[in-house]
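See structure below.
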Amino acid sequence: MSTQPLPTPVAGPPPGGGLRKRAWSGFERFQGLLFVMPALVVLAIFLIYPAYYTIRLAFYESDFHFGFFHYLGVDNFKELLTNDPDFLDLSKFPPGGALINNLRWVIFYISLSLIIGLGLAVLAVRVRYERAVKTAIFVPMAIAATAVGIIWLLVYNTDSNIGVMNAVWHGVLGQHQVSWLGNPAIVNYALIFAYVWASVGFVMVVLSAAIKGIPMEIMEAARVDGAGEWNIFRRIMLPMLSLPISVVTIWLFINVIKVFDIIYVMTGGGPGTTSRVIAFTMYEETFHNGRPGYGAAVAVIMLVLIAPVMVLNVRRFRTEKVVA
Amino acid sequence: MRRKSLIASAVALAVIAAGLTATAISAKPTKKSANSIEVLSLWGGSEKDAFLKVTAAFTKATGIKVEYTSARDFIPDIQTRLAAGNPPDIGILPRPGYIATLAKQGSLKSLSSLGLTNKYMAGNYSAGWLKLGSSSGKLYGVPAKANSKSVIWYKPDSFKKYKFKVPKTWAQLLAITKAYKAKGLVPWSVGAGPNQSQWTLTDWFENIYARTAGPAKYQRLFTGKLKFTDPSVANAARIMTQIINNKYVLNGVQGVLGQSFVGSITDVFGTNSKAQLFFEGGFVGGIATQQVNPALKPGKTIADFPWPTIKASLDHPVVGAADFAAAFKDTPEVRQFLKYISTGPAGVIWVSTNAVTSPNKKVPARAYPSVLARAEAHQLATAKTFLFDGSDLLPGAFGDTWGFALQDVIQKPGNIKSILSTFQSKIQGKF
């Protein structure tokens, strides 16, 4: 390759000239395409082709080779949504199945992470040992999800000599020991809480950076005008944080639709199938039950749920600047 | 000129990038050094240690290294690696049902094609074991280790203290359970919870089913010839909940679902013991005395008795299980390895660890150092009726699904019928 300095375009517009928005010549387009080519190739091989393959697979019965065995049309989807109580069960109340569990995750995981993260961010700014607090809360972010799972398996242990939860519940409050992961009514919330613990640090760090970006004068002015702290939070901070909050929410949403590792480690989707979520069902059907086509249908449903949020996110990034 | 070189470099870059990704994709899984094999197994703890002793002896004798890969949740591991064209050389498979599935899809090498003739195998193993490792008349699995699952673990000194006699019938077992409860002790600990411990419930069910419905129905049920909606199934499930309920197990039914298999052994035989009785296979002895609590004294603080009879006419058939070694590849190293582990001397090394019982005919009883292991080997060798672990006979991953169904059963004993019919609809046509 040549070591010549980068050439300056000979026929380019004069510097500072008014021709900035001129149409790109065919050659320049070609040149641009060349530059993005490596990225496009990688993207095509590792993202676009597998996505196409998965979507196609969802309409087939497949074998362990992931081949297109037998065309089924939309049967996989029909079965998933109407005839698979492990995925969607509307016959009882409250409804159950992986899809509903994921909905629980969406509601509780996102709101808890946001509320706790925002609360910590607002409070952390006010203390002298801010950095220490933030570091402590951020640490779980640096732990692999599988390790988080192991830690919380211990925390939730039914033996109050091992499990912190039961030590408090049983030892301090004098209640009967609870099997946090063995009770179908509790298990999903127990998992959600563990995952909140692992992600709240991220929310806090992003939001506290955003809080620091709010001009002090505005708050000072509000204080001078006699606004209380609650009003400042409610009417100044919150509106000014709306963009970073929405960005974090989208991050949390994507995180929660694809949640898998912590469930795999902690409950394996059990007891029974009560703590399965969408991504776990995909894994279970594809690799455990040997039905890659059916698993691919689950993946497509997941994609359909995530795609609109992604599009929204990209649009936002294009039109606005994130303060974080 | 300059522009040309720019384009040239851009093109070069693109080509290199594309080339790199292409090689990354087409690259065959890196070949292990010719003189080594990979064995994938679900064994951990004392069972794994015992196996590593055998492989160490093999390496010493042949110079072939053995790479051990542990995978408790082995089905997904094997499936993914098969799909990627990179299976392990040898897999230790606990389920004849899964061996048949793999054999049918052409993933396994038959033993005769690997130089282990049927005659040779029959010289070392009884026909019953060999049949379990076969599919469509061809032999695929070398029976590696066997276990009785028809034993119940107890504390002899505690039985002595309360003047309990080893129960011979289910009624007597229930009486002891009630007596423990009356003395303020927790009778049982059962671990069938996170993660992947649901199989312990399937073993409970199988012992009860064999004793209430009989061996013939047992065989038919687990080979797809009898439906799970048969009243005998619900009956056995109901009998199971006579012990596995909130009254008699540690922390109640939800404790069962929140405890792992090894955790529940610790509940009974650990230094901080909380329950008195435990049911699982012969391998519990090794795990309890080697992993959980080395201070245990076999015969004094830990011992086992055969699963009691429920219906006198049906006696007490032995439910047992075995793990089989099967080959995914045909190499000289694989041939040597399978040949080696099927020999008597390898079996002797194996059982000398006290962790396993060998199905190999050439392993003498005196090779077992511990009374617990010797008793188990004796039970297996003298069983009048031997039944293979039913859930392991179910096709594909249905052994797990059946465990999930039983997790439902102990939570909602009132819903047994609907739980069973749901399971039946899932497994219908899968045999």
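Read-outs: derived from the displayed coordinates by stated rules, not from any lab. Note that the structure is a prediction, hence the values are computed from the model and not measured. FYI the Cβ positions are ideal-geometry reconstructions off the backbone, even for glycines, and counts take in every protein chain you see.
Laid out as a table, the results:
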read-out	value
Which listed pairs, of B:109/B:362; B:329/B:361; B:217/B:384, have C-alpha distances above 22 Å, in listed order	B:109/B:362; B:329/B:361
Between the stretch A:280-300 and the stretch B:127-186, the Cα center-to-center distance that results, in Å	36 Å
Antiparallel bridges, percent of DSSP beta bridges restricted to chain B (to nearest 5)	55 percent
MRE, 222 nm, helices only [DSSP H, n ≥ 4, -39500 (n - 2.57), over chain A, to nearest 500]	-16500 deg cm²/dmol
Spatial separation of Cα centroids for the stretch A:118-136 and the stretch A:217-251, in angstrom	17 Å
Quotient of C-alpha Rg and 2.2 N^0.38 Å, computed over the stretch B:97-137	1.15
Principal axes of the stretch A:60-319: Cα extent on each, largest first, Å	72, 54, 34
Of B:38, B:376, B:280, the one that fluctuates the most in a GNM where chain B has Cα springs shorter than 10 Å	B:38
Helical segments meeting 24 Å axial Cα length and Kyte-Doolittle -0.5 threshold in chain B (DSSP H)	B:2-26, B:45-62
Residue B:330-residue A:254 pseudo-label distance in nm [points 7 Å out on the Cα-to-Cβ vector]	4.9 nm
Listed residues B:282, B:344, B:414, most fluctuating in chain B (Gaussian network, C-alpha, under 10 Å)	B:414
Lysines with Cα under 19 Å of residue A:212, excluding same-chain neighbours fewer than 8 positions away	A:134, A:321
Expected-Rg normalisation [2.2 N^0.38 Å, Cα atoms] applied to chain B	1.11
Per principal axis, descending, Cα span of the stretch A:229-277 in whole Å	48, 20, 14
Computed Kirkwood radius, in angstrom, where 1/r is averaged over Cα pairs of the stretch B:125-230	17.2 Å
Charge dipole (debye, nearest 20) of the stretch A:60-319; +1 at Cβ of Lys and Arg, -1 at Cβ of Asp and Glu	980 debye
Full-extension gain in nm, residue A:78 to residue A:132, via 0.36 nm per residue minus C-alpha separation	14.2 nm
Interchain or long-range residues, amide H under 5 Å from residue B:38's placed H	B:67, B:89, B:90
Estimated dipole of the protein assembly as shown in Debye, rounded to 20 [Cβ of Lys and Arg +1, of Asp and Glu -1, Cα centre]	780 debye
Calculated over the stretch A:199-284: convex hull of Cα atoms, volume per residue (Å³)	109 Å³
Antiparallel DSSP beta bridges within the protein assembly as shown, percent to nearest 5	60 percent
Largest-first principal axis extents, alpha carbons of the stretch B:339-431, Å	50, 29, 25
Whole-Hz ³J(HN,Hα) from phi, Karplus 6.51 cos²θ - 1.76 cosθ + 1.60, for the stretch A:181-197, glycine and proline x	9, x, 9, x, 6, 9, 3, 5, 5, 4, 5, 4, 4, 4, 6, 4, 3
For B:177, B:223, order by how many other beta-carbon atoms lie within 10 Å, fewest first	B:223, B:177
R0 of 51 Å, Cβ-Cβ distance residue A:42-residue B:119: FRET efficiency to nearest 0.05	0.35
Value at 222 nm in deg cm²/dmol, rounded to 500, when DSSP H runs of n ≥ 4 in chain B each add -39,500 (n - 2.57)	-14000 deg cm²/dmol
nm² value of the averaged projected area, convex hull over the Cα atoms of the protein assembly as shown	43.1 nm²
Cα centroid of the stretch A:137-193 to Cα centroid of the stretch A:43-85, whole Å	37 Å
Kirkwood Rh (inverse of mean 1/r, distinct Cα pairs), the stretch A:81-132, angstrom	13.5 Å
Cα-based convex hull volume of the stretch B:284-347 per residue, rounded to whole Å³	187 Å³
Partner lysines for residue B:297 [C-alpha distance under 19 Å; skip if fewer than 8 residues away on the same chain]	B:155, B:160, B:161, B:274
Only Lys, Arg (+1) and Asp, Glu (-1) charged, at Cβ; chain B dipole about Cα centre in debye	240 debye
Cα lying deepest toward the dipole's positive end in the protein assembly as shown, options B:213, A:211, A:115, charges on Cβ	B:213
Within a Gaussian network of chain B (alpha carbon springs, distance under 10 Å), most fluctuating of B:288, B:312, B:144	B:312
